[in-house]
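Okay, structure first, notes after.
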Protein chains: 2
Amino acid sequence: MHETLAQLGEREILNRLKPFVAVGQIDDDTAQINPLGRELLINTDVLVEGIHFSTKTTSASDVGWRAISTNLSDLAASGVDQVLCITVGLVAPSNTPWQWVENAYQGMKEALELFGGELVGGDCSRGQQKLLAITAIGTLGPLRLHRSKAQPGDWLVTSGPHGLSRLGLALLSSDPKVTNKQLPLKLKTKAIKCHQRPQPPLQALKTLQKCKPRGMQWRVGGTDSSDGLLAAIENLCLCSGCQAVLYPSELPRAEQWPLGTHWDNWCMNGGEDFELVLSMPKEWANAFLKTFPSSRAIGTMKAGPPEITWNSGKRIEISKTEEFKHF
Amino acid sequence: MHETLAQLGEREILNRLKPFVAVGQIDDDTAQINPLGRELLINTDVLVEGIHFSTKTTSASDVGWRAISTNLSDLAASGVDQVLCITVGLVAPSNTPWQWVENAYQGMKEALELFGGELVGGDCSRGQQKLLAITAIGTLGPLRLHRSKAQPGDWLVTSGPHGLSRLGLALLSSDPKVTNKQLPLKLKTKAIKCHQRPQPPLQALKTLQKCKPRGMQWRVGGTDSSDGLLAAIENLCLCSGCQAVLYPSELPRAEQWPLGTHWDNWCMNGGEDFELVLSMPKEWANAFLKTFPSSRAIGTMKAGPPEITWNSGKRIEISKTEEFKHF
């Protein structure tokens with residue numbers, strides 16, 4: 001009777017909220033509305049201090065930047081054409097220095113200048129911890145990506161490597177796992193940049209649209225990997241009722257990424273990579289892989305229970321770290 | 001150099017955020033975008049436990065209801081035609097009972113069923129205190145209300161009485177100021193209802209639109225009185241550069257409202273009344289006053305410094321209670 005949110009966990013909470021939300025909107029990264037005969041995408045994300053960001057490893061301007069990137073990444077993973085506008089709900093303790101707020105807005109501004117969209121309004125209030133609630137609105141392009149549109153026979157493709165943001169966080173927080181290890185400077189620099197200034201996969205989406213083979217339907221299953229690569233694939237499996245098969249040799253490791261279980265784990269579960277994770281016909285996948293340099297084929301979809309296995313048949317369990325436990 | 005948000009206060013914070021926000025959007029209750037050749041209104045509100053609501057006096061379903069009413073009241077105060085959709089960012093501590101969340105969503109659902117608009121999506125996360133960040137989108141009707149559109153010579157009109165919500169709060173929290181006083185049952189019942197289930201002034205807006213005298217321009221200065229009647233009038237004065245003159249006998253007191261300084265103060269500064277506060281030509285005002293029974297003429301606007309005076313010339317100071325201090 002008196003279940004708490006922690007006891008339920010995020011997936012069950014979302015399940016129970018389904019009756020309150022217009023049909024079909026809770027399964028995807030964004031909602032879709034059609035106010036005036038044209039489709040708009042709308043997405044709300046909440047970023048909470050201590051859960052989605054730490055002021056120890058993330059400057060205020062990087063928090064602002066990331067808030068925008070997170071949100072636009074969801075819009076990209078649904079097929080946004082043009083980002084229109086953003087509203088910002090800001091909550092912060094009364095003793096927060098003004099400079100922190102200004103820097104956070106500066107970070108948002110820089111991201112919007114690069115990716116499109118105007119900050120048009122919002123609200124602010126004091127509260128016990130810092131928090132940004134961002135709503136972004138964009139127009140829908142020709143390809144509406146849905147988590148539920150994966151099909152058996154599809155190829156699984158990502159728009160880029162995974163794990164870099166997690167490595168960046170480890171470097172910034174002086175995690176002995178990485179400080180005790182000789183890593184190439186180029187890899188370290190890239191990882192820190194990926195963590196501090198992640199990019200939403202808007203360019204990947206544009207390329208994906210452009211390289212659709214002629215005569216083929218506009219059908220791609222898709223989501224973004226903000227909560228980790230495996231979490232993204234699991235969402236595709238659950239929403240589409242398909243099974244994903246991955247190849248250990250084809251994990252989307254970054255260039256110069258070390259080998260080993262621990263590093264593979266960061267690649268699969270690190271999170272905050274903000275890449276597209278796509279399930280699509282082989283022919284379209286091939287066209288995309290040829291055109292978009294950082295993209296990778298990582299596996300296939302087949303009929304079966306909604307789970308992820310290696311090509312050996314062994315089931316892959318998702319490791320959920322505390323960082324991605326939202327309740 | 002190291003000013004905190006508390007030192008600045010809400011007005012100065014908003015002033016400093018202006019350079020980050022698209023021109024003209026921070027002065028009004030809502031933002032306006034024109035994505036597809038038609039105007040949309042968009043509004044984000046954050047409701048924080050302990051600041052905007054107390055779980056002692058407000059049930060979860062009333063919190064949900066109020067979150068919607070607050071937001072739609074802002075849309076009404078900008079001239080919404082049809083409420084399209086809502087997204088909800090929910091933050092709550094891990095130990096929050098599921099029942100609280102379900103009831104909050106139930107309250108939102110009931111309000112949306114009555115006032116229009118669909119809940120289409122959102123986000124949820126744990127956090128140290130309960131919080132709802134709501135974004136509502138609607139289409140703009142023929143009359144765009146702006147805080148900056150008041151003019152000298154206008155009549156000041158409200159769509160209904162003020163102070164009831166504050167009285168309701170006092171009754172619910174057993175404030176000795178009201179428990180020691182004989183109050184009519186009808187007034188008490190109405191006050192509690194106003195506090196628990198406030199109504200956005202959508203009907204008042206529709207009537208206002210309908211009774212515009214023929215040939216007159218669509219020009220009304222307006223806002224809502226969510227932060228109190230005087231705060232609303234002050235915003236009209238500041239944004240329009242006019243002076244407001246009020247008549248003590250014409251304060252918009254509710255039926256059977258007691259006389260006295262303390263009661264007048266609740267009427268002027270109680271807050272959360274969610275009525276329209278309008279500055280408009282006399283002819284239009286008269287038509288509205290005749291057609292909309294609860295509406296009241298409370299004063300006039302004149303050229304002068306942006307402040308509020310009694311008709312005696314004495315300046316009226318706004319009393320800001322802790323409840324409406326957002327920083």
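The values are calculated or read from the model by the stated rules, or taken from the named source; none is laboratory data. In this text the structure is predicted, and so the values were computed from the model without any measurement. Neighbour counts run over all protein chains shown; Cβ positions are idealised from the backbone, glycine included.
Observations on the structure shown:
- Some residue of the range A:298-311 being surrounded by fewer than 13 Cβ atoms within 10 Å (Cβ to Cβ) and not assigned by TED's automatic domain parsing to the domain that holds A:VAL63: yes
- Unique match (being modelled with pLDDT of 95 or more and part of a strand (DSSP E or B)) among A:VAL83, A:VAL101: A:VAL83
- Options A:GLY271, A:GLY260; residue that is at positive phi, under 15 Å from the mean Cα position of the chain (by Cα) and not assigned by TED's automatic domain parsing to the domain that holds A:GLY79: A:GLY271
- Residue in the range A:202-215 that is farther than 25 Å from A:TRP65 by Cβ and buried (at least 18 other Cβ atoms within 10 Å of the Cβ) present: yes
- Test: residue in the range B:85-100 that is free of Cβ contacts under 8 Å to residues at least 12 places away in the same chain, within 19 Å of the chain's Cα centre (by Cα) and at the interface with another protein chain (Cβ under 7 Å from one of its Cβ atoms): no
- Residue in the range B:1-50 that is nearest to B:TRP100 (Cα to Cα), counting only those that are among the hydroxyl-bearing types (Ser, Thr, Tyr) and out of contact with any Leu (no Cβ under 6 Å at 6 or more places or on another chain): B:THR44
- Filtered residues of the range A:109-141 (kept if part of a helix (DSSP H, G or I) and more than 7 Å from every other protein chain (Cβ to nearest Cβ)): A:GLU110, A:ALA111, A:LEU112, A:GLU113, A:LEU114, A:PHE115
- Taking the range A:1-46 as the range and being closer than 18 Å to A:ALA77 by Cα, modelled with pLDDT under 85 and within 7 Å of another protein chain (Cβ to nearest Cβ) as the test, the residues that pass are A:GLN25, A:ILE26.
- Being in contact with a Lys or Arg (Cβ under 8 Å, 6 or more places away or on another chain) and either within 23 Å of A:ILE86 (Cα to Cα) or not in a strand (DSSP E or B) (or both) is a property that B:ASP74 lacks.
- Where strands (runs of 3 or more DSSP E) sit wholly within the range B:205-322, those with at least 3 residues that are touching a residue at least 12 places away in the same chain (Cβ under 8 Å) and touching a Ser or Thr at 6+ places or on another chain (Cβ under 8 Å) occupy B:221-224, B:242-246, B:276-280, B:296-303.
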